[in-house]
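First comes the structure, then the notes that go with it.
The values are calculated or read from the model by the stated rules, or taken from the named source; none is laboratory data. Computed from a prediction, not measured in an experiment: that's the story for all the values here. Cβ placement follows ideal geometry from the backbone for every residue including glycine, while neighbour counts extend to all protein chains displayed. Surface accessibility is based on the protein's heavy atoms, side chains included, excluding ligands, DNA and RNA. Shrake-Rupley method; radii C 1.70, N 1.55, O 1.52, S 1.80 Å.
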Amino acid sequence: MDLNPPNLSSTTTYNPSAVPVLWAKLLPITFLMHELLNDPIDVTVSFKDNRVVPHAMRWNERDYKIDSVNLVHTAHEGTKRVFYFSVSDAANYFKLKLDPEFLEWRLVELYTDG
Amino acid sequence: MERIVLHIDMNSYFASVEQQANPFLRGKPIGITGKSQERSIVATASIEAKRLGVKTAMSTWEAKKVCPSIILWPGDPEKYSDIMHRFNAIYESFTPNVEPFSVDESFLDITEEAEDYLGAICMAQMIRSRLRDELGECITASIGIAPNKLMAKLASGHKKPNGLTVARPQDVLSLLDECDLEDLCGIGPRIHERLRALGVEMFQQLREFPLENLQHEFHSYGTWLYEAAHGRDSSVIVSPTRGGVRGAGDKDTKSYGHSYTLPQNTDDPRILKRYLFGLADKVAWRMRRDGVAARRVTAFVRFGNFSDHGEQRTFSEPVADGMRLFQIAWKILEPVGLVDVRLVGLSASLLSRGLAQPSLFKKERKMATVLCALDELQSRYGSGVWKRGSTLPVEFKSRSSGFHFDHEI
């Protein structure tokens, strides 16, 4: 059995499952994961001052409460304008895409720090 | 009347936008790169990364070497462009005289609105407050206030990040004397070197240098240097909303071009053709969108040892078709020994308004009709809605037959 600790720095992106469980328990390891996705999600929103404010989302049969909406920006896909919401909870950053034509939400980016 | 000009420069712009979007990046050294991080450069380093020695335009491997803890983050140009429009809209709510200078810098002429330097300082603080409220606390700016654009830009760079520097007319010379020659926009490394060879190391020496000698050495640029050393600049603020627009389809556009750093260096002409064809289609689409056609094509490659080779061809019939651009570009590159190629690029110039003349040949006319339809699709649904089959990577599926029908590929 290899007892050497894995060579990890706090900013290395890697798969947490590849880390031996023993060392994961013993070492104060920070897992960083950045994924580009395109998954349809359900989002609970409120409408306030002519703005959409996302509050919670459901992805992969799991509910996430949105603690903070950090940035909202738009982009053009041809003539269509889509909205991106950069939101976060205590451990995750999510980038959500709202297609106003079809009122469809997608999770397009996930960054986990925990 | 003495003018009052503001220069607002966003601090580590791309990085601070990403730190605003993603709170887990805040307080950490990050570098904004291209999509392929391995062979990219750091387009913007965060303030934390800069403190650890990472510089803008450093290659990613060098940045990793200087700062092993740096987080390399792929850039999102659409996001930066959207935020840019938003901060310029904030500026325009203070004055109509706004000139975007680059993606993260703008000049504002606030002579009438501010009235004096105290008013200008109040306005700068109000702009800063609006930026924080509407864009977020991570997106900060350094502001310079001065009697002209040149001095305002120098002032904004004087204190970073999040600084506010005021150079009233009577302060301009002392500001110049505190700065290095290269801090001034317009004095690059070459001019600096030539000035040093003349024994000019500081602005004070430049002011005392005879104008005739400067003109003899630098021709008309010598006059500009002399005026700049005295803190004088007569250039006016050109606002896009007042007819100074620069952008897609601008009549001042001289050329259209794209280049691409390959994921791995290659000698394979099929791979090079595929990328070159993709670039040619991109260039051609932008030209057709803007209603222009080109009579000159320049194709260029960069080799693994960072040497470059590029040539151009000029022709009589204007072209705005990706296929034709590719054929011309490939004719230029094919005879070159394409070994260990790192980057391939293409640009089209000698532009003329109006699209190319319809061809006499039926096949080419049909192709033009198809392109028209594809352009409409692309306008409606965005880039990436169509691709030529020949620009797609060839994927060999793993063998699935269990009956020895599979063959050598």
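Say we look at the range B:66-89 and pick out the residues that are touching a residue at least 24 places away in the same chain (Cβ under 8 Å), assigned to a loop (DSSP other than H, G, I, E, B) and more than 19 Å from residue A:109 (Cβ to Cβ); which of these is nearest to the chain's Cα centre (by Cα)?
B:70
For (1) open to solvent by 30 Å² or more (accessible area, probe 1.4 Å); (2) charged (D, E, K, R); (3) closer than 19 Å to residue B:9 by Cα; (4) under 16 Å from the mean Cα position of the chain (by Cα), each residue gets a yes or a no:
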site	(1), (2), (3), (4)
B:43	yes, no, yes, yes
B:49	no, no, yes, no
B:52	yes, no, no, no
B:64	yes, yes, no, no
B:91	no, no, yes, no
B:98	no, no, yes, no
B:108	no, no, yes, no
B:113	yes, yes, no, no
B:123	no, no, yes, no
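Just one of the numbered conditions (1) surrounded by fewer than 21 Cβ atoms within 10 Å (Cβ to Cβ); (2) more than 13 Å from chain A (Cβ to nearest Cβ); (3) touching a helix residue (DSSP H, G or I) at 6+ places or on another chain (Cβ under 8 Å) is not true of residue B:57; which one?
Only one criterion in (1) surrounded by fewer than 21 Cβ atoms within 10 Å (Cβ to Cβ); (2) more than 13 Å from chain A (Cβ to nearest Cβ); (3) touching a helix residue (DSSP H, G or I) at 6+ places or on another chain (Cβ under 8 Å) is unmet by residue B:57, namely (3).
If I go through the range B:17-30 residue by residue, how many of them are under 21 Å from the mean Cα position of the chain (by Cα) and either aromatic (Phe, Trp, Tyr) or modelled with pLDDT under 95 (or both)?
Total satisfying the criteria: 0.
Within the range A:55-85, how many residues are free of Cβ contacts under 8 Å to residues at least 40 places away in the same chain and out of contact with any Lys or Arg (no Cβ under 9 Å at 6 or more places or on another chain)? Give the derivation first.
In the first step, residues of the range A:55-85 are kept if they are free of Cβ contacts under 8 Å to residues at least 40 places away in the same chain; the result is A:55-56, A:58, A:60-85.
Retained after the next criterion (residues that are out of contact with any Lys or Arg (no Cβ under 9 Å at 6 or more places or on another chain)): A:58, A:60-63, A:65-70, A:76-77, A:81.
Total meeting the criteria: 14.
Note down all Cβ pairs under 6 Å where the first residue falls in the range A:96-114 and is within 12 Å of chain B (Cβ to nearest Cβ) and farther than 13 Å from residue A:41 by Cα, the second is assigned to a loop (DSSP other than H, G, I, E, B) and open to solvent by less than 20 Å² (accessible area, probe 1.4 Å), and they're at least six residues apart or on different chains.
Taking only residues 6 or more apart or on different chains, the pairs are A:111/B:22.
Looking at A:39, A:67, A:49, which one is at pLDDT 95 or above and surrounded by fewer than 13 Cβ atoms within 10 Å (Cβ to Cβ)?
On the way: A:67 fails: surrounded by fewer than 13 Cβ atoms within 10 Å (Cβ to Cβ); A:49 fails: at pLDDT 95 or above.
One residue alone meets the criteria, A:39.
Do we find that residue B:75 is open to solvent by 20 Å² or more (accessible area, probe 1.4 Å), within 14 Å of chain A (Cβ to nearest Cβ) and under 30 Å from residue B:94 (Cβ atoms) in this structure?
Here the answer is yes, as residue B:75 does meet what is asked.
Take residue B:337 and decide whether it is open to solvent by 40 Å² or more (accessible area, probe 1.4 Å), over 16 Å from residue B:293 (Cα atoms), modelled with pLDDT under 90 and within 14 Å of another protein chain (Cβ to nearest Cβ).
No, not satisfied.
If you scan the range A:75-89, which residues turn out to be more than 14 Å from residue B:76 (Cβ to Cβ) and under 11 Å from the mean Cα position of the chain (by Cα)?
Passing the criteria: A:87, A:88, A:89.
Residue-by-condition table, conditions (1) farther than 30 Å from residue B:120 by Cα; (2) not charged (D, E, K, R):
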site: B:14; (1), (2): no, yes
site: B:20; (1), (2): no, yes
site: B:38; (1), (2): yes, no
site: B:44; (1), (2): no, yes
site: B:57; (1), (2): yes, yes
site: B:69; (1), (2): yes, yes
site: B:77; (1), (2): yes, yes
site: B:85; (1), (2): no, yes
site: B:90; (1), (2): no, yes
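Would you pick out the residues in the range A:70-83 that are open to solvent by less than 50 Å² (accessible area, probe 1.4 Å) and facing another protein chain (nearest Cβ under 7 Å)?
Residues satisfying the conditions are A:70, A:71, A:73, A:74, A:75, A:78.
Any residue in the range B:124-144 that's free of Cβ contacts under 8 Å to residues at least 12 places away in the same chain and within 14 Å of chain A (Cβ to nearest Cβ): show its pairings with residues that are open to solvent by less than 10 Å² (accessible area, probe 1.4 Å) and of a type in the set (A, V, I, L, M, F, W, C) at Cβ separation under 9 Å, as long as the two are six or more apart or on different chains.
Sorted first by the residue in the range B:124-144, then by its partner, the pairs are B:132/B:139.
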